[in-house]
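Notes follow once the structure below has been shown.
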Amino acid sequence: MLAEQISVFLENKAGRLAEVARVLADMGINIRALSIADTSDFGVLRLIVSDAEKADRALKRTGWTVRRTRVAAVEVRDEPGGLLKILDLMDSVGINIEYMYAFANPNPGQAIMIFRFDPMDDAIDALKEKGMRLVPGPDLVAI
Amino acid sequence: MTTPDTRDWEFGDPEERAQYQLEKLQATVNRAHNTVPFYRDRFLDSKTEPSHVETLEDLRRVPFTERRHLAENYPYGLFAVPLRDIVRIHTAPGTTGTPSVSGYTANDLALWRRVVARALIAARMTDHDILQILLDPGLANWGRDYKDGAETLGASVIPLTSLPLEKQIMILSDYKTSFLVTSVSGAISLVEGLYNSGVQPGQLALKTLILVGEPVSLDTRANLEEKLHINTWVHFGLSEMPGPSMAFECEAHDGLHISEDHFYPEIIDPESGEPVSPGESGELVLTALSAGAFPFLRFRTGDRVRLNTQACSCGRTLCRMEWLPDRTDDTVVIRGVKIHQEQVFSYIERTLGFAPMECRLAAGRRGSSLGLEVWIGVDDHVFSDEVKELEQVRDSVAKVLRHDLGVPVRVRLKEKTVSYPKKEKWIMDPEDYR
C-alpha cells in the first residue's frame, strides 16, 4: 500500500546534491520525485527512485547516511480543492502531516502527492474510508 | 589554625623566603597527610612520609595531585577542615563529567584577597580606578576573586554580569571604566564590538586591560594595545583552586611573578615527572603553602612554562615564569576556560543517551576563539528523516554544553564521509575545513 522513500543527510555545501545525483546516475537509477528540507547547515534529501534497494546500497557504499522510509502516495484530483480535501480530512481526525511533496502528473485530471503522516496507519485508514486511492510503491515507480 | 601572614614577601630576601617556604611546606604536607584520607593514602602508596620532606628539594618525593583526583574525590574529599569552617565553596568544570570543588575558610579568603590585590597593585591599580569584569560564565569564580581583590584596594568594581556585549560596551563607555579584566578572546570580541557600535576607543576612560586564562602572543598584545589605546597586563591562575593572578606581570612585562610565598612552583618533565634543569621549560606544578581548607600538594597544572629566578627590574624577588603557548595536557583553553575533551564527550553522551560514533571538537585559533565547536557525524544512529529531530539533537547538545561549560558553543551536524584529523586530537582552525 505504501511507497518506499530514500532519505539522505547532506551538509549544506556546494556540490553535495550533485554527488548524490551522480551516484544514482552511475547506477542507472532514475529519480522520480525529490524534496529537500534544509536548514542553514544541513538538509534532508527525500527521493522516490526507480529502485530503492539498489539506491540505498549504492549510496551507503559511497559513505552517505541513508534511511528508507515508508510514505503514502495519494491520488489527488488535479483541480482546485484537491489537496484541501486531504488536509481537511487529516485535520478532522487529528493526524499530523510531517512533510509532503509532489510527484509527476501521470494523467490529466490526476495528481499524486507524497505524504508522511503521523501516525501513518491511522492516516491510511482514514484515506481508505474516504475512498481515496493510494498508489502502491511498485506502481508508483512504474508510472 | 594558622593566621594570615603579615609580612609581605614580594620584595623580600630570597634566602629568608626559602626558609619561610620550607616551614610552610612542612606544615602543609603534615596537615594534608593527617587530615585528608586521599593524601594519607597517596603517601602510603608511594612509601613516603611527611618527615621525609626536610628541604624544599625533598618535595619531589611527594606524589603528584592531578585534575582527575578532584573528580574522584567529589565533592568534599580533599577538604582539610570540617565543613562548618568552610565559608566558600567553588565549583569549576572538571576533566570528566564531575566538577572540581574547592573550599575556603575565612582566613583563606582574606589571604586570597590580598594575593589578588598584590597582582592588581603591580598593574598600577589604585582606589581611583573603576574595574569592570568581562568574563564568560565558566570563569565566574575568577570574577568573584577579582571583585574581592579590587575592593580590598578600594577600587570601584563593576562585577561580572551576564549582560550581552553591547550592554557591556555601554557600561565601559558611560561608567568610565579604567581597568578591564577579560580573556584574550573576550578582548578580541570587544574590539570588534566597539567597532560595530561606533564607540571610539579614544573616547573611553579605559587605560589597562588585564588578560587572563591563556598565554597571549606579543603580536596579539601589540594589536590590542594599538586598537584600544591601552596597556595590557597578563595574569596566570587556576580554575580549580584559589584562582586568577597566582602569577602576575609587573611593569617590566618580562614574565609573570609567581606568588611563591603562597604557591610553591616546580617545573617537571611531563613524561618522566622529574624536575627539569634550571631554565628549561616543562609542566608547572604548584603546591599550596598557605591554604587552610584545600592544601593541594604538587598539583600538575598542564601549563608549560620556563622559570626565571634572576632579579627583576621592578625590585620584586618573586621568581618569574614565562608562560608558553603549548600545554602539556590535551586540554584546550577557550575564552580562558579549560575544556577537556573527555568531559565534553561525557556531557554529549548523557544528553543524547548514546555516544555518537563520530564526534570532533574544534576551537578557533588560539587567542581568537569565539567558542567551542562540536562536530557530530550523522550516522545511522543519529540520523532522522525529520529535520526537527535533527535540530533537536543539535540544539539539546548545544544547550547542555553552553550551560555546563560556560562558554559559547556551536554544534554542527556533519556528513560522516568527510575525513577529519584523528578522533583524539582537537581540530584547531575549523575554518580550514569548511
Unit charges at the beta carbon, dipole of the protein assembly as shown: most positive-side option, B:Leu413, A:Leu89, B:Gly292: A:Leu89
Length-normalised contact order for chain B - Cα pairs under 8 Å, 6+ apart - percent: 15
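Note down the Stokes-Einstein diffusion coefficient of segment B:255-349 in µm²/s, whole number, using a Kirkwood radius over alpha carbon pairs, 10 °C, and 1.306 mPa s. Walk me through the numbers before you get to the answer.
Values: Rh = 14.7 Å.
After rounding, the answer is 108 µm²/s.
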Looking at the P(r) of segment B:140-234, how many percent of alpha-carbon pairs lie beyond 23 Å? 20
Long-range amide H partners of B:Lys414 with built H, under 5 Å: B:Ile376, B:Gly377, B:Val378
Within 10 Å of each Cβ in A:37-47, the average number of Cβ atoms from other chains: 4
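Do the sum for the protein assembly as shown: with -39,500 (n - 2.57) for every DSSP H run of n ≥ 4, divided by all residues, what is the mean residue ellipticity at 222 nm, to the nearest 500 deg cm²/dmol? Numbers along the way, then the final one.
Details: 15 runs with 182 residues, N = 577.
The per-residue figure over the protein assembly as shown is -10000 deg cm²/dmol.
In Å², nearest 100, what accessible area do chains B and A bury in total when the solvent probe is 1.4 Å?
Interface between B and A: roughly 2000 Å².
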In whole angstrom, and with the biggest value first, how far do the Cα coordinates of segment B:51-176 range along each principal axis? 57, 35, 29
With every protein chain kept in place and a 1.4 Å probe, the protein assembly as shown has an accessible area per residue in Å² of 44
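Can you give the Rg/Rh ratio of chain B, where Rg is from the C-alpha atoms and Rh is the Kirkwood radius?
Values: Rg = 22.2 Å, Rh = 22.8 Å.
Here the Rg-to-Rh quotient is 0.97.
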For chain A, what's the relative contact order in percent, using C-alpha pairs closer than 8 Å and at least 6 residues apart? 29
Please return the longest stretch of chain B lacking exposed loop sites, where GluC sites (Glu not before Pro) count only if DSSP places them in a loop and at most 12 other Cβ atoms lie within 10 Å. B:55-270
Cβ neighbours within 10 Å from other chains - mean over B:386-394: 4
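For chain B, list the DSSP H helices whose alpha carbon atoms reach 18 Å or more along the long axis and whose average Kyte-Doolittle value is 0.5 or above? Present the calculation step by step, with values, prior to reporting the outcome.
Details: long enough: B:14-35 (30 Å, -1.42); B:106-122 (24 Å, 0.70); B:140-153 (20 Å, -1.34); B:184-197 (20 Å, 0.77); B:387-405 (27 Å, -0.44).
Span-like helices in chain B: B:106-122, B:184-197.
Tally up the carbon and sulfur contribution to the accessible surface of the protein assembly as shown as a whole percent, 1.4 Å probe, everything protein left in place.
Details: 12430 of 25370 Å².
That fraction is 49 percent.
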Give me the percent of Cα-Cα pairs in segment B:223-287 that sit more than 13 Å apart, rounded to a whole number. 71
What whole number of Å gives the distance from the Cα centroid of segment A:16-95 to the Cα centroid of segment B:273-336? 59
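Go through B:Lys147/B:Lys399; B:Lys147/B:Lys167; B:Lys207/B:Lys338 and tell me which ones have a Cα-Cα distance over 26 Å in this structure.
Checking Cα-Cα distances, B:Lys147/B:Lys399; B:Lys207/B:Lys338 exceed 26 Å.
What does the charge dipole of segment B:346-410 about its Cα centre add up to, to the nearest 20 debye, if the Cβ of each Lys and Arg holds +1 and the Cβ of each Asp and Glu holds -1? Intermediate values should be presented prior to the final figure.
Values: 9 positive and 11 negative charges, 116 e Å.
Roughly 560 debye, rounded to the nearest 20.
Can you give the translational diffusion coefficient of chain A in µm²/s, computed by Stokes-Einstein from the Kirkwood radius over Cα pairs at 20 °C and 1.002 mPa s? Walk me through the numbers before you get to the answer.
Details: Rh = 15.9 Å.
Taking Rh from Cα pairs, D becomes 135 µm²/s.
Normalise the Cα radius of gyration of segment B:170-287 by 2.2 N^0.38 Å (N = residues in it) and let me know the number.
1.27
Based only on the alpha carbon positions, what is the Kirkwood hydrodynamic radius of the protein assembly as shown, in angstrom?
It works out to 27.6 Å.
Stokes-Einstein at 10 °C, 1.306 mPa s, Kirkwood radius from Cα pairs: D for segment B:306-370 in µm² s⁻¹? Show your work: numbers first, answer last.
On the way: Rh = 15.2 Å.
Value of D from the Cα-based Kirkwood radius: 105 µm²/s.
The values are calculated or read from the model by the stated rules, or taken from the named source; none is laboratory data. All figures in this text were calculated on a predicted structure; none of them were measured in a lab. Using ideal geometry, Cβ is built from the backbone for each residue, glycine included, and neighbour counts are taken over all protein chains shown. For accessibility, only protein heavy atoms count, side chains too; no ligands or nucleic acids. Shrake-Rupley method; radii C 1.70, N 1.55, O 1.52, S 1.80 Å.
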